[in-house]
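Novice: Input: one structure, supplied below.
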Amino acid sequence: MCQPIQVSRWGDRLVGVIDLQGGLAVHGVAGNRDRYMPVKFCEGDPERLGRYYLEQGVTSLYIADLDGLGGGKFQIEVCGRLLQLGFHRIWIDNGWRSQDDGVTREMGKWSQTDPAVCWIVATETGQRANELDSLLSQVSAAQICVSLDFSNGQFRGKHHDWRGWIAESVQRSINQFLVLDVASVGIGCGVSTLSLCRQMKSEWPQIALSSGGGVRGETDVQDVIEAGCDSVLVATALFPNTSC
C-alpha cells in the first residue's frame with residue numbers, strides 16, 4: 001500500500017501526472033511504453049483523472065504526450081480539454097522538435113492565451129540545445145522547462161551531457177528543469193534522481209528543479225524537496241488505494 005501523501009502540506013509543489021497514449025491516460029511503468037495500460041480506476045479517461053487530481057487538492061499537472069514523444073502527432077485536442085479543467089499550471093511534453101514549425105506556432109498561440117501553460121523540451125528527443133532558439137521565437141523563456149532525461153542513471157541526449165544542456169538553457173534565460181529517470185517511473189521503488197538534483201542545485205543554485213518517478217508517499221516527497229527541488233511529480237501514490 002502506498003504511504004498517504006499530505007496534499008495540503010505541499011500545495012502547488014505537488015504535480016499530478018497524466019501519461020497520454022492514443023487519447024487514453026495510461027500507467028507508465030519503467031519506460032516500457034509499448035506495454036503501458038490504461039489507468040484502471042478512471043478507465044483511462046484523462047479528463048476524469050485530471051478532475052480526480054483537482055478533487056484531491058493537486059492544482060498542477062504534467063502531461064506527457066507519449067504519441068508526440070514517439071514521433072507521432074501532438075494530441076492537441078485532449079490536452080486542450082485538460083487545460084479547461086482549471087489547473088493553476090500545466091506542463092506539457094508533446095515531444096517538441098524544432099523542425100515542426102506548425103506545432104511550434106501552435107505552442108506560441110497557447111502560451112499567449114494561457115499563462116498557466118509551460119512547455120517541456122525533452123532531451124530524449126535528440127535535439128541540440130541551440131535548437132531552443134526556434135521555440136523562444138514563439139514562447140517566452142518563463143514558459144519553457146527543459147526535461148533532463150535519464151534511464152538507469154544514463155543521460156538520454158545525443159549532443160550534450162546534462163551540464164551542457166543546463167548551461168545552454170540558462171544562457172537563454174531558461175531556468176526551469178525537470179529531472180526524470182524513466183526506469184524509476186511507476187514501479188514504486190523511490191526516486192532515483194536525488195543525488196543528481198543535489199549536484200545540479202549545488203552547481204546552479206538559481207535554477208528551479210522538479211523531479212519524480214517512483215514516488216511512494218510522503219517520505220519520498222519530502223526527500224525530493226530536501227534534494228533542492230521546487231516541485232514533485234506524482235501519479236500512482238495519489239491514486240485510490242486499490243490502484244497502488
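Novice: Please find, among PHE177, PHE155, the residue that is farther than 26 Å from GLY108 by Cβ, under 18 Å from the mean Cα position of the chain (by Cα) and among the aromatic types (Phe, Trp, Tyr).
Specialist: Only one candidate qualifies: PHE155.
Novice: On the basis of being more than 14 Å from the chain's Cα centre (by Cα) and modelled with pLDDT of 95 or more, does LEU83 make the cut?
Specialist: no
The rows are residues; the columns are (1) in contact with a Phe, Trp or Tyr (Cβ under 8 Å, 6 or more places away or on another chain); (2) crowded, with 20+ Cβ neighbours inside 10 Å.
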| site | (1), (2) |
| --- | --- |
| TYR62 | yes, yes |
| ASP67 | yes, no |
| LYS73 | no, no |
| GLY95 | yes, yes |
| ARG105 | no, no |
| LYS109 | no, no |
| THR113 | no, no |
| ALA129 | yes, yes |
| LEU135 | yes, yes |
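Novice: When region 9-23 is examined, which residues are found to be outside any strand (DSSP E or B) and either crowded, with 22+ Cβ neighbours inside 10 Å or at positive phi (or both)?
Specialist: Once the filter is applied, which keeps residues that are outside any strand (DSSP E or B) and either crowded, with 22+ Cβ neighbours inside 10 Å or at positive phi (or both), region 9-23 yields GLY11, GLY22, GLY23.
Novice: Confirm whether VAL26 is part of a strand (DSSP E or B) and surrounded by fewer than 24 Cβ atoms within 10 Å (Cβ to Cβ).
Specialist: Yes; evaluated as a whole, the condition is true for this residue.
Novice: Can we say LEU238 is in contact (Cβ under 8 Å) with a residue 40 or more places away in the chain and crowded, with 24+ Cβ neighbours inside 10 Å?
Specialist: Here the answer is no, as LEU238 does not meet what is asked.
Novice: Here is a follow-up. Taking the condition of being at pLDDT below 95, on the phi > 0 side of the Ramachandran plot and surrounded by fewer than 20 Cβ atoms within 10 Å (Cβ to Cβ), how many residues in region 149-191 meet it?
Specialist: Looking only at that region, the number is 4.
Novice: A further question follows. Which count do you get for residues in region 88-134 that are in a helix (DSSP H, G or I), more than 14 Å from ASP149 (Cα to Cα) and in contact with a strand residue (DSSP E or B) (Cβ under 8 Å, 6 or more places away or on another chain)?
Specialist: Count: 4.
Novice: Same structure again: Considering only residues of region 192-214 that are part of a loop (DSSP other than H, G, I, E, B) and under 16 Å from ASN152 (Cα atoms), which is modelled with the highest pLDDT? Full working, then the answer.
Specialist: Taking region 192-214 as the starting set, the residues that turn out to be part of a loop (DSSP other than H, G, I, E, B) are 192-193, 204-207, 213-214.
From what is left, the residues that are under 16 Å from ASN152 (Cα atoms) are 192-193, 213-214.
Numbers: SER192: 90, THR193: 94, GLY213: 86, GLY214: 85.
Checking each candidate, the answer is THR193.
Novice: Also, I was wondering about something else. Which one of the conditions (1) in contact with a Gly (Cβ under 6 Å, 6 or more places away or on another chain); (2) farther than 26 Å from ASP223 by Cα does LEU61 fail to meet, given that it meets all the rest?
Specialist: Here LEU61 clears every test but (2).
Novice: Which condition breaks for LEU194 when tested against (1) within 17 Å of the chain's Cα centre (by Cα); (2) closer than 20 Å to GLY16 by Cβ; (3) surrounded by fewer than 19 Cβ atoms within 10 Å (Cβ to Cβ)?
Specialist: The one condition LEU194 does not meet is (2).
Residue-by-condition table, conditions (1) acidic (Asp, Glu); (2) in contact (Cβ under 8 Å) with a residue 60 or more places away in the chain; (3) closer than 30 Å to ALA129 by Cα:
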position: GLY11; (1), (2), (3): no, no, no
position: GLN21; (1), (2), (3): no, no, yes
position: LYS73; (1), (2), (3): no, no, yes
position: VAL78; (1), (2), (3): no, no, yes
position: LEU82; (1), (2), (3): no, yes, yes
position: ARG89; (1), (2), (3): no, yes, yes
position: VAL103; (1), (2), (3): no, no, yes
position: MET107; (1), (2), (3): no, no, yes
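Novice: State all residues of region 61-81 that are outside any helix (DSSP H, G or I), within 17 Å of ALA235 (Cβ to Cβ) and in contact with an Asp or Glu (Cβ under 9 Å, 6 or more places away or on another chain); if no residue qualifies, say none.
Specialist: TYR62, ILE63, ALA64, ASP65, listed by residue number.
Novice: Continuing with the same structure: Would you call ARG163 basic (Lys, Arg), more than 23 Å from LEU14 (Cα to Cα) and in contact with a strand residue (DSSP E or B) (Cβ under 9 Å, 6 or more places away or on another chain)?
Specialist: Taking the combined requirement at face value, the residue does not satisfy it.
Novice: Here's another thing I want to ask about it. Taking the condition of being of a type outside the set (Val, Ile, Thr) and either within 15 Å of HIS27 (Cβ to Cβ) or crowded, with 22+ Cβ neighbours inside 10 Å (or both), how many residues in region 50-59 meet it?
Specialist: Total satisfying the criteria: 3.
The values are calculated or read from the model by the stated rules, or taken from the named source; none is laboratory data. Just so you know, these numbers come straight off a predicted model, no measurement behind them. When we count neighbours, we look across all protein chains shown, and the Cβ atoms used for this are built from the backbone with ideal geometry, even at glycine.
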